[in-house]
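**Student:** What follows is a structure written as structure tokens; I'll ask about it next.
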């Protein structure tokens, strides 16, 4: 009996043990994966390690754009009690209760399932809401996100660009270098306790923060450039304007300003105009007008026997090319030195040089200077400008191109071209990014596009523009400067006529002997003579360049006091460098309306000109006698400083050579000095 | 375990009134002091026997003492073993809490620093400085007017001529 009972008991125990064993096998072996996964989901939590978007700094390390983590309060308007939500959140988030009520109600009525109640809540607000959550209030959520800040507001807005709500770049360098700036968030798998506090990291995918960029932009210069271009646009009733400041030796863009501007901190509203967000220095090409004559004369010096003193027949300021008549802004100019024609921006003179150069060579030099090609800055929406292929050139295209028509360029391209002249004939690609994290960017190899002697000649020519020509308002105190003005009428495609609005521009550099900075100023849509480049853009050049030289601590090369401008433009007409010619039959109305002082009108568009009759240059009337200039002073025995001071006081242009005391000079003392002629002085120790 | 006599002695005193307790004590004084309270409806009398064990001495047992010390030693060794086995795990857990707390603190401080950098940049923005300069009738120095006395590092002393 007892044995039987024991047997039964043993069987029961065996069955019980077997059942346990079966379940153990099921739990530990058969369903191991599933249960391990469930356990992990309870015991572990995955925490995302934020990877902030790369910051952007100016060349001195001052922040221009940076990202900060922010906490936002989000609700589903369709799943909340509007009254309770507006009461509670209004109180905790310090929001107006009635406004919040309306906001949530409207969102609920429009069936929006997501509403950001407040962005960037404070730490106190966050703690309060967190406390509320622990008490079981679940109808709101706290979203963590990164937010982009531009501490200087509108400063360098067109260079920096902006980001959207998801922090993706949508303009400027934010878009151009999106892949580098954007960080890749990491992940940590943590064992968590019952309070969901992390204990120890299990697996880590390290966060990869975005690359921090140091731009070549100088914040102080950028500010001055933006302030001055805004003032110039406003004062000349222009539509827009842009300034580019560049170092000629490295290609560093020190400032790139465009006006109108915008604040990248403020997201673009639906239906908002795109115009303020356009980078006029980079994305908007325009007909350059006379500033383009730098290319024409450079090609002339390189490929023909043209020299600054070579006489050029300006035909009294009128030139007939088939049905087209081209006028100079200064009538009555006959045979003058090339330097004079350049300084006074004679269209006829430039055309004569262009004819000497010829179409293929001119086209080659346009390309050499980088026109018609993108500069390659890491900004989206760059315009390459427009250079027509040689086979598309019409019969008067060479004449047009020689004076800056039938070609469109951007301000950055002009800066690149001016830098090539300032840099001794070496074309340096503009550069906007100085460092990626702490790694300095390498420079592109400069390309020689002009002979050194040609570049030096062009520097002298451009200095003469400032000293005696149309760019007198660009003259700096304490520094020599060179440049070229440009005033191009704007073509109206609707009426197919050139209008009386202009693109006034000035491109130049300083100091002349060792240029440290290149500045290009463009104003689009100016009116009247005050809108010409010499009147509108040159003063802006002067202020911006002076600031650039001060910031760069460039030593002065001239006495501080400006000399009496004996050879400097005396009236507004002298600043007139209007670079357009007229097409009599097409634009008779324009001629009739034109001011006597600027007898210039518009050429036909390229398509019309291409079908014109063969070109015939009207022979020029006999040239008047050469005007007598001032006498050459005696510089012998004087120091360079004294020579420069005296020359500047008398408005003369001196080409110093060597160091020490002046021993030789050419022309000799007392000799009459032709307009535009320079005195070469040899110094010996 | 309580003996029957102890049980009866315990229940001898009624928990009623103090007068009742005094009466019982008086009654017990006249009776045999070792007699216990009679059971109700029973003619059975129980007496409480007093035994004096004060003269008894425990016999020395060296073996049991050794066993005792062995047990204590084993317990200590077990404790040390358990401690050494679990200590790293506990230390890891505690360190994990600290590391995580420090990580959160680091992240918070980094964010705070970035916030302060942003504030500094906003305060030093050229537009603001320009406005302040205008309000104080200050002008920008002309080129060459500023001389750096100690090179040009940030914050170096500069002199305006």
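**Student:** Residue A:132 versus residue B:104, label points 7 Å from Cα toward the beta carbon: distance in nm?
**Tutor:** According to this spin-label approximation, the distance is 2.1 nm.
**Student:** Taking chain A as the reference, fit the longest principal axis to its C-alpha atoms, fit the long axis of helix A:347-357 to the helix C-alpha atoms, and give the angle between the two in degrees, 0 to 90, nearest 10.
**Tutor:** 80 degrees
**Student:** Also, quick follow-up: Sort largest first and round to whole Å: the equivalent ellipsoid semi-axes of region A:93-171, each the square root of five times a Cα gyration tensor eigenvalue.
**Tutor:** The equivalent ellipsoid of region A:93-171 has semi-axes of 29, 18, 13 Å.
**Student:** Sort region A:11-152 into rounded, prolate or oblate with this rule: let a ≥ b ≥ c be the square roots of the eigenvalues of the Cα gyration tensor; rounded if a/c is under 1.5, and if a/c is not under 1.5, prolate when a/b is larger than b/c, oblate otherwise.
**Tutor:** Since a/c reaches 1.5 but b/c is at least a/b, the shape of region A:11-152 is classed as oblate.
**Student:** Let me ask something else. Can you put A:328, A:87 in order of Cβ neighbours within 10 angstrom, beginning with the fewest?
**Tutor:** A:87, A:328
**Student:** Can you give me the distance in nm between label points at residue B:123 and residue A:179, each placed 7 Å from the Cα along the Cα-to-Cβ direction?
**Tutor:** Here the modelled spin labels are 4.0 nm apart.
**Student:** Mind checking the full-extension length gain between residue A:8 and residue A:120? Use 0.36 nm per residue of separation minus the Cα-Cα distance, one decimal, nm.
**Tutor:** Roughly 33.0 nm would be gained on extension.
**Student:** Calculated FRET efficiency, residue A:111 and residue A:164, Cβ-Cβ r, R0 22 Å, to nearest 0.05?
**Tutor:** That pair, residue A:111 with residue A:164, gives E of 0.40.
**Student:** Now a separate question. What percent antiparallel are the DSSP beta bridges of the protein assembly as shown, to the nearest 5?
**Tutor:** Taking every DSSP beta bridge within the protein assembly as shown, about 90 percent pair in antiparallel fashion.
**Student:** Classify region A:417-529 from the C-alpha gyration tensor, please: rounded if a/c falls under 1.5, else prolate or oblate depending on whether a/b exceeds b/c.
**Tutor:** Judged from the Cα gyration tensor, region A:417-529 comes out oblate (a/c at least 1.5, b/c at or above a/b).
**Student:** Based on the Cα atoms of the protein assembly as shown, what semi-axes does the equivalent ellipsoid have, where each is the square root of 5 times one gyration tensor eigenvalue, given in whole Å with the largest first?
**Tutor:** Over the Cα atoms of the protein assembly as shown, the semi-axes work out to 94, 31, 26 Å.
**Student:** Shifting gears a bit: For region A:391-457 and region A:17-49, write down the distance between their C-alpha centroids in whole Å.
**Tutor:** 70 Å
**Student:** Can you give the Rg to Rh ratio of region A:386-482, both from alpha-carbon atoms, with Rh computed by the Kirkwood formula?
**Tutor:** 1.06
**Student:** What's the FRET efficiency of residue A:386 with residue A:94 using the Cβ-Cβ distance as r and R₀ = 41 Å, to the nearest 0.05?
**Tutor:** Computed FRET efficiency for residue A:386 and residue A:94 comes out at 0.15.
**Student:** Given the rule -39500 (n - 2.57) for each run of at least 4 DSSP H residues, summed and divided by the residues of chain A, what is its mean residue ellipticity at 222 nm, to the nearest 500 deg cm²/dmol?
**Tutor:** -9000 deg cm²/dmol
**Student:** Could you tell me how many degrees, from 0 to 90 and to the nearest 10, lie between the Cα long axis of helix A:123-134 and the main elongation axis, the longest principal axis, of the Cα atoms of chain A?
**Tutor:** Taking Cα atoms only, the helix is inclined about 30 degrees.
**Student:** Which whole number gives the average, over all residues in B:119-125, of C-beta atoms from other chains lying within 10 Å of the residue C-beta?
**Tutor:** 5
**Student:** From the alpha carbon gyration tensor of region A:180-302, can you work out the equivalent ellipsoid semi-axes (sqrt of 5 times each eigenvalue) and give them in Å, largest to smallest?
**Tutor:** Here the semi-axes work out to 48, 22, 13 Å.
**Student:** Using Cβ counts within 10 Å as a stand-in for footprinting exposure, how do A:449, A:351, B:94 rank, fewest first?
**Tutor:** The fewest-first ordering by Cβ neighbours comes to B:94, A:449, A:351.
**Student:** Now for a different question. What spacing in nm lies between the two simple spin-label points modelled at residue A:671 and residue A:21, each 7 Å away from Cα in the Cβ direction?
**Tutor:** 12.2 nm
**Student:** Let me ask something else about it. How many percent of all Cα-Cα pairs in region A:43-122 sit more than 14 Å apart?
**Tutor:** 70 percent
**Student:** Going by C-beta contacts inside 10 Å, put A:461, A:256, A:66, B:110 in order with the fewest on the left.
**Tutor:** The most exposed by this proxy come first: B:110, A:66, A:461, A:256.
**Student:** So, one more: Rounded to the nearest 10 degrees, what's the angle between the helix A:2-25 long axis and the longest principal axis of chain A, both from Cα atoms, 0 to 90?
**Tutor:** The angle comes out near 10 degrees.
**Student:** Pairs of Cα atoms under 8 Å, at least six residues apart: use those to get the relative contact order of chain A, whole percent.
**Tutor:** Here the relative contact order equals 13 percent.
**Student:** For a test of the definition: using alpha carbon positions, the gyration tensor, and the 1.5 limit on a/c, classify region B:25-143 as rounded, prolate or oblate.
**Tutor:** prolate
**Student:** Go ahead and run the numbers for FRET between residue A:196 and residue B:65, Cβ-Cβ distance against an R0 of 51 Å, rounding to 0.05.
**Tutor:** Approximately 0.45, to the nearest 0.05.
**Student:** Ranked highest first by the average count of other Cβ atoms within 10 Å around their residues, in what order do A:283-293, A:436-446, A:93-103 fall?
**Tutor:** Sorting A:283-293, A:436-446, A:93-103 by mean packing, highest first, produces A:283-293, A:93-103, A:436-446.
We did not get these values from a lab; they are worked out from the coordinates using the rules stated. These numbers come from a predicted model, not from an experiment. In this analysis, Cβ positions are derived from the backbone assuming ideal geometry, glycine residues included, and neighbour counts consider all displayed protein chains.
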